[in-house]
Amino acid sequence: MTSIPFDDRDGTIWVDGAFVPWREARLHVLSHGLHYGGAVFEGVRVYGGQPFKSVEHAERLRASAREMNFELPWSAAELDAVTREIVSRGQITDGYVRPVAWRGSEQISVSGAGSSVHVAVAAWEWPHVFSDDAQESGIRLRTSRWRRPSPESAPVRAKAASLYAIGTLARDEAEADGFDDALLLDHRGNLAEATGANLFLVIDGELHTPVPDGFLDGITRQTVIALAAGLGLTVRVRAIDPAELAVADEVFLTGTAYEVQPVRAVDAREFTVGGTTKLLAEAYGRLVRGEGDGAP
Ligand SMILES: Cc1ncc(COP(=O)(O)O)c(C=O)c1O
């Protein structure tokens, strides 16, 4: 639980081209983004004062907006520069940047045509999502009754705020039952991902990860696949039935915020935090801190 509310902090937030005092970074209650989910966002991690893959995240923010039928008035290079400036002004060492874009308040209508587009970037210190202990010993997931929608039902490639309503429902239920996070299946009943991170299984020393055709193909997921290949590990991207968790030796999640997060249980099935997970977590840790290419 956050101790200081996010609207009551010191610092500066960039909004539509201006650096404004943190508490004044407000939007009108009659905004399309709030009522109809016309909003997209990003999460960028900062390591040692440096945003990791900031340009890739800026490009994805623009691509997400396009999936939602709006165009950002800022280039990826401009958004990258803003991200770096906000990190520098906030003197963020190990933290998180939240770029967000939303449709404005010209009309209260399901139609988004003609709405203004707004963009903001904020950053704060945020070392880890889960406790230090959970990072070492793993988190517990509960399989959710909520599923990721099919690509015909939702803009699944976009990091769209509206899609997170499903994640919030799933995560709140998982936490109420004493779990750390939820595991969502896709619309076909195959394994998909957690509420804010992608999923990997280790089976007989090989990595298995679901095809990202109904959820976000995470930047961390792609980074970890490349790291694994560089370490000589076999990576199999395929449809995975939930029953296969019974034969998995290790399970972990990947995401900008989660990093490489070990999973110690899915429902009643328990896993060890094994060598493959640790190897990739360490390689990822080295890469994001600019310590070489992640090779051991
Ligand atoms: C739903 C969801 N899936 C996957 C990811 C992982 O994406 P990335 O590694 O680009 O952060 C995230 C986090 O952004 C997410 O929110």
**Item:** Identity of the residue in the stretch 219-232, touching a Ser or Thr at 6+ places or on another chain (Cβ under 7 Å) and closer than 17 Å to T276 by Cα, that ends up surrounded by the most Cβ atoms within 10 Å (Cβ to Cβ)
**Value:** V224
**Prompt:** Is it true that some residue in the stretch 121-133 is within 30 Å of T272 (Cα to Cα) and among the charged types (D, E, K, R)?
**Reply:** yes
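Being of a type in the set (D, E) and away from the ligand (no atom under 16 Å from the Cβ) narrows it down to one residue among D181, D177, D172; which is it? First the steps, then the outcome.
Values: D181 fails: away from the ligand (no atom under 16 Å from the Cβ); D172 fails: away from the ligand (no atom under 16 Å from the Cβ).
When all the criteria are applied, what remains is D177.
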**Asked** With (1) in a loop (DSSP other than H, G, I, E, B); (2) touching a helix residue (DSSP H, G or I) at 6+ places or on another chain (Cβ under 6 Å) as the list, and V46 as the residue in question, which single condition is left unmet?
**Response** (1)
**Prompt:** Does the stretch 70-117 hold any residues that are in contact (Cβ under 8 Å) with a residue 40 or more places away in the chain, of a type in the set (S, T, N, Q) and surrounded by 14 or more Cβ atoms within 10 Å (Cβ to Cβ), and which are they?
**Reply:** T83, S105, Q107, S115
**Request:** Tell me, yes or no, whether the stretch 242-251 has at least one residue that is closer than 24 Å to T93 by Cβ, within 16 Å of the ligand (Cβ to nearest atom) and aliphatic (A, V, I, L, M).
**Result:** no
**Complete:** Being closer than 20 Å to R157 by Cα and away from the ligand (no atom under 16 Å from the Cβ) narrows A257, A239 down to just A239
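The numbers here are math on the coordinates, done by the rules we state, and not lab data. Remember, predicted model here, so these are calculated numbers, not experimental data. Positions of Cβ are backbone-derived with ideal geometry, glycine not excepted, and every protein chain shown enters the neighbour counts.
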